[in-house]
Amino acid sequence: MAGMVTALAAAPAPVRLLCRAHDGSGGASALAQGGIAAALHPHDSTAAHAVDTIEAGAYHNDATAVQWLTGEAPAAIAWLQQQGVVFDGAAGGALQLGREGGHGAARIVHAGGDATGAALVRALRARVQAAAHVQWRGGVDVGALLLRDGDVVGVRTCDDRGRQQHIEAAAVVLATGGIGALFAHTSNPAGADGAGLALGLAGGAASRDLEFMQFHPTALDIGGHSLPLITEALRGAGARLLDAAGQPLMRGQHPQGDLAPRDVVARRVWQAQREGDKVWLDATAVSGDWNIRFPTVLAACMAHGFDPRQVPLPVTPAAHFHMGGIATDLDGRSTLAGLHAVGEVACNGVHGANRLASNSLLEGVACGRRLGAALAHATAVRGGQGSHRWVERGESLSPASLAALRTLLWHAAGPVREASSLRDAWRACAAAADAGWQMRLAKSLLRAAVLRRRSLGAHCRHDRGCPG
Ligand code: SIN
C-alpha cells in the first residue's frame, strides 16, 4: 500500500512499480483488519493521538515524527476518500469512529468493517492502474541494486522465467513490507519475508531498531505458518480470552484486562501455551451482524470449520509487525544516497518500540504521500562515468533451512526472550550466514536483540525485568 501511495503522489514523475505477484497481491496491507487511526472527533486531538502513540511505543519514538504523523492523519483520511475509499459512516453523515487497545479515544476509521486493508488496496490499485505516469510490472523479483560512485541508481529484476532486466532510475524506493514470514507463526502473508530489507542492508543502508517485533495475541490457531488474524476489535466488542479451564485468561493481569496493550496480552497467551494449555477467544457474546462488522474474521473462521458466533476460537500469538527496518528520515531517505524506504520496511521512529493499533496503514499513507511529493520532480537518472557495482541480495535458503530458521526465531526472538537463547541463535545464524540471505537478516535481528539488554516495548527480556 505504501508503494502504491508513493507512486500516485509522485506524479508527474514516471514511476515503475515492481511487484512480485502479477496482480500486486501478496502484501500484508490487504489483510489489515484494524483501520486507520485519526483524531477526527471534536473532543479528540492530534496531540492526544501522539501521546497514545508514544506511550504504546515505550517512549522510544521520535516525538517530532509522531507529532507530524498524527497531525497528518485527518488529511490522509480525506486523501483516501478522494482516491475512492468509502469509510464506514455513522448516523448524521460523520465517519464511524471505533476504539482499539492503547487509544484513549474512539479514533479508528474502518472500511467494510474489518476489511479496511482490502478496501484501501482495491481502491489504490484501481487508481494506480489508471495512472498514466505509473507503469505496473508484476511477476518480478528485485534481487540487486546498481550503485554508481556509491549512490543507488538502479535495480535488477528477474521474472518467473528467469529473465533479467536492468532498470536505471532517479530514485529507488523499497516498499516491501515486514518480516513476519521469517517466524514460525505469523499473521503476515508468506511474501512478508524481509527481502527488501535484506537488499537494502546488503547495499550498505543503515538499519534501526531491528529487534522490535510486535506479536499479535490472537491469530486463529489452526497450525501452520501464515495464520488468519482475529482482530483486536473483537475484544473491543466484548470477546474474552479464556484459559483451558474456561476461566478469563486476563483476570488479574492488567487493569485493562482483555484490552491490555498487545504485547501484554501476547505474552500471557504465550505463557499459557508454554505451560501446555490451549487458549480460546470466546466471541459468542459479540452482538450485531457479523457480516457487516467482522466479515473477514467470520469468513476465515468458517473456512476452517469454526463458527465464531457459536463456539470459542483457538488462538495463538503470531509475528505481526516489524517496528524496525531501514533507517530513514521522514522523507523516506536512507543513509544510502538514491535509496528510499517507506511503510513497514522503513524505520523512521514513529512507532518506537511497539506500534499503536491502526497506526500502520496511517504511516503507509502519510509517509507515502510525503515521499511521493519529494520525488515528484526527480526525473533525471543520474548519469556519470563513475564506477558501477551491483550489490546482490544473494541466494535464498532451501525450504528446509527456512523452516528451521522460522522455528529458531520463534523460540529465541518470540514474544518472550532471554540472553542465552538469543545468543545461541545469533551464533547459529552467524555460522550459517553463507547459506542464504534470510540467515544474514536473522543474524542482524538477533544481534540487535542481544545488544538491547533491557526489556523495552515489544522486546521482552525475561532475564531483564520483563514479566513474561
Ligand atoms: C487488529 O485488528 O487487531 C490489528 C490492527 C493493527 O495491527 O493495527
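The values are calculated or read from the model by the stated rules, or taken from the named source; none is laboratory data. For clarity, every value in this text was computed on a predicted model and none was experimentally measured. Using ideal geometry, Cβ is built from the backbone for each residue, glycine included, and neighbour counts are taken over all protein chains shown.
Below are the figures for this structure:
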read-out	value
Single residue of Ser444, Ser420 found to be within 26 Å of the chain's Cα centre (by Cα), in a helix (DSSP H, G or I) and of a type in the set (Ser, Thr, Tyr)	Ser444
Lone qualifier among Leu124, Leu146 - being surrounded by 20 or more Cβ atoms within 10 Å (Cβ to Cβ) and in a strand (DSSP E or B)	Leu146
Candidate set: segment 353-368, residues that are of a type outside the set (A, V, I, L, M, F, W, C) and under 13 Å from Ala458 (Cα atoms); chosen: the one farthest from the ligand (Cβ to nearest atom)	Asn354
Unmet criterion (only one of (1) within 15 Å of the ligand (Cβ to nearest atom); (2) touching a Pro at 6+ places or on another chain (Cβ under 7 Å)) for Lys278	(1)
Single condition Glu363 does not satisfy, out of (1) assigned to a loop (DSSP other than H, G, I, E, B); (2) surrounded by 15 or more Cβ atoms within 10 Å (Cβ to Cβ)	(1)
Selection from segment 96-152 of residues that are modelled with pLDDT under 95, acidic (Asp, Glu) and out of contact with any Gly (no Cβ under 7 Å at 6 or more places or on another chain)	Asp114
Looking only at segment 309-350, and only at residues there that are under 20 Å from Val264 (Cα atoms) and among the small types (Gly, Ala, Ser), the one that is farthest from the ligand (Cβ to nearest atom)	Gly324
Number of the condition not met by Gln81 [criteria: (1) buried (at least 21 other Cβ atoms within 10 Å of the Cβ); (2) at pLDDT 95 or above; (3) farther than 21 Å from Gly24 by Cβ]	(1)
Any hit, segment 10-22, residues being free of Cβ contacts under 8 Å to residues at least 12 places away in the same chain, more than 16 Å from the ligand (Cβ to nearest atom) and outside any helix (DSSP H, G or I)	no
Some residue of segment 394-414 being free of Cβ contacts under 8 Å to residues at least 60 places away in the same chain, outside any helix (DSSP H, G or I) and farther than 30 Å from Val142 by Cα	no
Residues of segment 29-66 satisfying the condition of being surrounded by 19 or more Cβ atoms within 10 Å (Cβ to Cβ) and free of Cβ contacts under 8 Å to residues at least 60 places away in the same chain	Thr46, His49, Ala50
Qualifying positions in segment 40-53 - more than 15 Å from Gly101 (Cα to Cα) and either within 16 Å of the ligand (Cβ to nearest atom) or among the aliphatic types (A, V, I, L, M) (or both)	Leu40, Ala47
Test for Trp68: is it modelled with pLDDT of 95 or more, in contact with a Lys or Arg (Cβ under 7 Å, 6 or more places away or on another chain) and in a helix (DSSP H, G or I)	no
Candidate set from segment 130-143 (those that are assigned to a loop (DSSP other than H, G, I, E, B) and touching a helix residue (DSSP H, G or I) at 6+ places or on another chain (Cβ under 9 Å)); member that is farthest from Gly394 (Cα to Cα)	Ala131
Selection status of Leu229, within 24 Å of the chain's Cα centre (by Cα) and either away from the ligand (no atom under 16 Å from the Cβ) or closer than 18 Å to Ser360 by Cβ (or both)	yes
Pick from segment 23-38, criterion assigned to a loop (DSSP other than H, G, I, E, B) and within 16 Å of the ligand (Cβ to nearest atom), ranking: nearest to Cys158 (Cα to Cα)	Gly27
Residues of segment 155-182 satisfying the condition of being buried (at least 22 other Cβ atoms within 10 Å of the Cβ) and over 30 Å from Val85 (Cα atoms)	Val155, Leu182
Yes/no for Ala373 being surrounded by fewer than 22 Cβ atoms within 10 Å (Cβ to Cβ), free of Cβ contacts under 8 Å to residues at least 40 places away in the same chain and either outside any loop (DSSP other than H, G, I, E, B) or on the phi < 0 side of the Ramachandran plot (or both)	no
Flag for Pro261 being at pLDDT below 95, surrounded by fewer than 16 Cβ atoms within 10 Å (Cβ to Cβ) and closer than 23 Å to Ile108 by Cβ	no
